[in-house]
1. Put a dot 7 Å past each Cα toward the Cβ at residue 98 and residue 26; how far apart are the dots in nm?
2. Let me check against my output: what whole-number percent is the relative contact order of the range 40-125, with C-alpha pairs under 8 Å and at least 6 apart?
3. What's the FRET efficiency of residue 43 with residue 67 using the Cβ-Cβ distance as r and R₀ = 41 Å, to the nearest 0.05?
4. Treating the range 40-125 as a set of equal point scatterers at the Cα positions, no solvent, please give the Debye-formula log₁₀ I(q)/I(0) at q = 0.19, 0.24 Å⁻¹.
5. Measure off 7 Å from each Cα along the Cα-to-Cβ vector at residue 60 and residue 112, then give the distance between these two points in nanometres to one decimal.
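Computed from the coordinates by the stated procedures, all read-outs in this text should not be read as laboratory data. Here the structure is a predicted model, which is why all the values come from computation and not from measurement. Note that each Cβ is placed from the backbone with ideal geometry, even for glycine, and that neighbours are counted across all protein chains shown.
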């Protein structure tokens with residue numbers, strides 16, 4: 001009986017150690033850019049476009065320069081002289097584009113949205129397109 005138990009246990013351990021881990025994620029390192037583009041005119045401080053129109057414009061601009069991106073609406077806040085200000089903002093997240101492409105996108109967005117600057121973040125992230133366990 002012990003011999004059978006050892007044989008079954010050994011076979012089970014070999015099976016566990018040799019079966020690939022199908023659920024293991026295979027992350028890869030990528031460069032991620034996040035752009036924060038205010039919607040108020042840089043000189044007048046008033047909105048340049050309706051947010052829905054500006055979003056469509058940004059989607060068109062980004063499509064010229066990068067292959068994939070995510071655009072969403074946000075609201076930015078800042079404080080000056082004990083006053084709080086806010087501005088409708090479009091956020092554009094880009095993964096694995098060249099820095100030159102991102103700069104070209106920002107240069108066009110600066111002109112179109114009449115901005116003095118765009119806040120850009122660059123970070124290293126790990127990601128994977130997960131398709132499930134099959």
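1. Using points 7 Å along Cα→Cβ, the separation is 2.7 nm.
2. The value is 33 percent.
3. Efficiency at R0 = 41 Å is approximately 0.75.
4. -0.90, -1.32
5. Taking the simple label geometry, residue 60 and residue 112 are separated by 0.7 nm.
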